[in-house]
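Notes for the one structure printed next.
The values are calculated or read from the model by the stated rules, or taken from the named source; none is laboratory data. Remember, predicted model here, so these are calculated numbers, not experimental data. Cβ coordinates were reconstructed from backbone atoms using ideal geometry, including for glycine residues, and neighbour counts include every protein chain displayed. These accessible areas exclude ligands, DNA and RNA; they are computed on the full protein's heavy atoms, side chains included. Shrake-Rupley method; radii C 1.70, N 1.55, O 1.52, S 1.80 Å.
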Amino acid sequence: HRLDRETSGALVLALDSGSARSLYEQFLGRTVHKEYLAVVHGTVSWKKKLLDAPLGPQGGEIRVRQAVGAGLSAVTAFERLATDGRFSLVSAKPRTGRLHQIRAHLAHLGHPVVGDKLYIGSGEAYMKAVRRQIAPEDLAALGADRQLLHAWRLEFKHPKDARRLLIEAPVPADFPLRPEES
C-alpha cells in the first residue's frame, strides 16, 4: 500500500511478517476498500460516474506520467460530494491499483486534482519542481501548494482476528470543501 508524494491520509502498516502477508493478500485480492477525497478544478456535472479506462505510460520526457489508452485495466468509481463553482469535492473509490490512477482518471475527465503538478497542463509545473525552480506564481496557478488528494477511508480485515476495520483519516485543513457528515 502506497500513497503518491503530496497525497495525505491513511496508511496501513504491518508490524510483523504474518500481518504483512495477510495485508498483502488482501490488497492483491482487492478485498481492501479504499476511498479517497479529491478537490478538483471546475464544477463536476455528474453525481456518480464509473470510469473503466486503461492506463499506461504517456511517453515523453516525464516517464512517470500515465495516460488513458493502451495499458492495464483501471477502474474508478467517482461521486461528486460538493461544489462551489470553482472547485468540486469528489469521492474516488479505485477498484484497481494503477500508478496515479485517480489523478490520471480525473485529468482525463477534464477535472484535474487541484495542485497536481503532474496532471495539470502538460506537466511543466512538475518539471519545474523536479529542477527546484517552481515559483509561488506556479503554485498559485495550480490552485494549491500540494495536490489536494486524500486517502480518506480504508476498510480491511484485521490480520490477526479477521474483524473488519474501518480507518478514517480526518479531512485536511487545506481542503476548501468538506464532505457532509455521514
Are there any pairs with C-beta distances below 7 angstrom linking a residue in segment 55-76 that is within 15 Å of Y119 (Cβ to Cβ) to a residue that is of a type in the set (V, I, T), with the two at least 6 apart or on different chains, and if so which?
L55/V68; A74/T96; T76/I102
Taking into account only those residues within segment 116-173 that are acidic (D, E) and under 21 Å from P94 (Cβ atoms), which is surrounded by the most Cβ atoms within 10 Å (Cβ to Cβ)?
D116
Quick one: is A67 assigned to a strand (DSSP E or B) and either over 19 Å from L37 (Cβ atoms) or among the polar types (S, T, N, Q) (or both)?
yes
If you take the residues of segment 51-62 that are open to solvent by 100 Å² or more (accessible area, probe 1.4 Å) and either in a strand (DSSP E or B) or in contact with a strand residue (DSSP E or B) (Cβ under 7 Å, 6 or more places away or on another chain) (or both), which of them is modelled with the lowest pLDDT?
P57
When segment 63-108 is checked residue by residue, the ones that are small (G, A, S), under 14 Å from the mean Cα position of the chain (by Cα) and modelled with pLDDT under 95 are G97
Hey, any hits in segment 75-96 for a residue that's open to solvent by 30 Å² or more (accessible area, probe 1.4 Å), part of a loop (DSSP other than H, G, I, E, B) and either of a type in the set (A, V, I, L, M, F, W, C) or farther than 23 Å from K47 by Cβ (or both)?
no
Out of all the residues in segment 1-41, which are acidic (D, E) and either in a strand (DSSP E or B) or out of contact with any helix residue (DSSP H, G or I) (no Cβ under 9 Å at 6 or more places or on another chain) (or both)?
E6, D16, E25, E35
